[in-house]
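Sharing a structure with you now.
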Amino acid sequence: MFLALRELHYARSRFSLMGGVVALIAVLMVMLSGLSSGLVNDGVSGLKAQPADAFAFAEGTKTDSAFSRSIVDLSQVDAWADRPDVAAAAPLGSMLVNAHSSTDVPVDLALFGVQPGSFLEPAAAEGQGLGAPHGIVVSQTVLDDGLAIGDTVTIDRVGLELTIIGSTGNQHTFGHVDVAYLPLTTWQEIHSGAAAGEEVRPDAYTEASAIALQAADGQSIDLAAGDSAVGTSSKTLVESFGSSPGYTAETSTLMLIQVFLYAISALVVGAFFTVWTIQRRPELAVLRAMGGSTGYLLRDGLAQALIVLLASTLVGVAIGVGSGALLASTPMPFALEAPAIGLAFILLIGLGLIGAAFAIARIATVDPLKALGGQR
């Protein structure tokens, strides 16, 4: 690494410029990974918190927004529960509503109707759990927005009043809307569209949006066989995230941007080292003439690229994490997650090295006699 370190010292301005570009790309990657994680949490944290292995929807339901489109019968819940590879099955009602507080502050809620006592019932970190017919347990983010336990919210269109009796203690959101858990029967009444005080159609009490499934110990659920027997369309928990409003479009867009940034990083590093290798051909030729092997020169060049990439990426990640920590305290859906940042760090260095390797490979073609002007 003698040559690599000397060049880094004597051409530090050029390497600093190159490192600055890589550092900026690293900052962008950290910010994008934080935004991506934040949007995922804001979109499906309510689903991620469910202790379910899979969800079964009505047969033929479109993939996007399946939680809003699907209607299953409670008899199908019993049919799933009777299957040998299923430990428990519970109905889940899901719908997005507009509401307002007692002080006429608009509130958007994702109502999750669950049966009290089922494995879907949330544990209340503050206040009390489900029990009262019109009591709701809300995401902690609802309380952070100014509401408090004991406040009432009125569902628009039906005029039903619900009382906040507890909170989950952490973020539970669905489709970027705060989740409110309530008894399934109350959800069925709201879902039927009957105004407060009006008679609810009898079949409304047999409906739910989806069936949450828990696998038996040591087994995986045969979703295809269950769907065939019960007449549903099932997805694993992770696959069901795509049934949240806007989830697939948001994650696909951010992923495409990240892919382009990775490609740009490899191209920028490759272009820099291509030019750098051409400029130092005479020095490389002298080393070849003195007996330096091609392998030695290739290792020296890659070590030089690795030092630049490591130093600049570390600086960029540090700046990105510092900036992200400030954004995480704002209402923006932003979350710094170590695995996502670590993956971005590894990919930036790895792809940068690949780009540099293609450029540095030109060293193998250096002819000492030609490079030193021997053809004249």
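The values are calculated or read from the model by the stated rules, or taken from the named source; none is laboratory data. For clarity, every value in this text was computed on a predicted model and none was experimentally measured. Here the Cβ is made from the backbone with ideal geometry for all residues, glycine too, and neighbour counts use every protein chain on show. Protein only, heavy atoms only, side chains kept; ligands, DNA and RNA dropped before computing areas. Shrake-Rupley method; radii C 1.70, N 1.55, O 1.52, S 1.80 Å.
Along the principal axes of its C-alpha atoms, what lengths does the chain span, in descending order and rounded to whole Å?
If we take the Cα atoms of the chain, the spans are 101, 50, 30 Å.
So between Thr294 and Thr236, what do we pick up on full extension, going 0.36 nm a residue minus the alpha carbon distance?
Details: separation 58, 0.36 × 58 = 20.88 nm, distance 5.23 nm.
Between Thr294 and Thr236, full extension yields an extra 15.7 nm.
A further question on this structure: Heavy-atom accessible area per residue, the range 34-180, 1.4 Å probe: how many Å²? Intermediate results must be reported in sequence, preceding the final value.
Numbers: 5840 Å² over 147 residues.
Each residue of the range 34-180 exposes 40 Å² on average to a 1.4 Å probe.
Further question: With viscosity set to 0.692 mPa s and temperature to 37 °C, compute the Stokes-Einstein D of the range 100-151, Rh being the Kirkwood radius across alpha carbon pairs; µm²/s, no decimals.
Working: Rh = 12.2 Å.
In µm²/s, the coefficient rounds to 269.
At 7 Å along the Cα-to-beta-carbon direction for both Asp145 and Ala311, put a label point, then send me their distance in nm to one decimal.
Result: 4.8 nm between the two label points.
Out of the total accessible area of the range 1-105 (probe 1.4 Å, heavy atoms of protein only), what percent is carbon and sulfur?
Values: 2700 of 4730 Å².
Carbon and sulfur together cover 57 percent of it.
Let me ask something else about it. Evaluate E = 1/(1 + (r/R0)^6) for Thr63 and Ser228, where r is the Cβ-Cβ distance and R0 equals 30 Å; express this FRET efficiency to the nearest 0.05.
0.95
Express the carbon and sulfur contribution to the solvent-accessible surface of the range 117-225 as a percent, rounded to the nearest whole number, probe 1.4 angstrom. Don't jump to the answer; show the numbers that get you there.
Numbers: 2090 of 4560 Å².
Using a 1.4 Å probe with all protein chains present, the range 117-225 comes out at 46 percent carbon and sulfur.
Could you do me a favour and compute the accessible area per residue for the range 242-368, 1.4 Å probe, result in Å²?
Details: 6190 Å² over 127 residues.
Accessible area per residue, the range 242-368: 49 Å².
Any idea what the dipole of the range 85-155 comes to, in debye rounded to 20, about its Cα centre with Lys/Arg Cβ at +1 and Asp/Glu Cβ at -1? Write down the numbers at each step before the final one.
On the way: 0 positive and 8 negative charges, 38 e Å.
The dipole magnitude comes to about 180 debye.
To continue, here is another question. Can you give me the long-range amide H partners of Ser234? Hydrogens built in the peptide plane at 1.01 Å from N, cutoff under 5 Å, separation of 5 or more residues or another chain.
Amide H neighbours of Ser234: Phe57.
Between Asp42, Asp300, Asp64, where does the largest GNM mean-square fluctuation fall for the chain, given springs only between Cα atoms within less than 10 Å?
It is Asp300.
What residue among Leu310, Leu35, Leu111 shows peak mean-square fluctuation when the chain is described by a Gaussian network model with Cα springs under 10 Å?
So, out of Leu310, Leu35, Leu111, the one fluctuating most is Leu310.
So between Ala328 and His134, what do we pick up on full extension, going 0.36 nm a residue minus the alpha carbon distance? The partial results should precede the final answer.
Numbers: separation 194, 0.36 × 194 = 69.84 nm, distance 3.38 nm.
Using 0.36 nm per residue and subtracting the Cα-Cα distance, I get 66.5 nm.
Under 5 Å between amide H atoms, partner at least 5 residues away or on a different chain: which partners does Val86 have, H built in plane at 1.01 Å?
The answer is Ala216.
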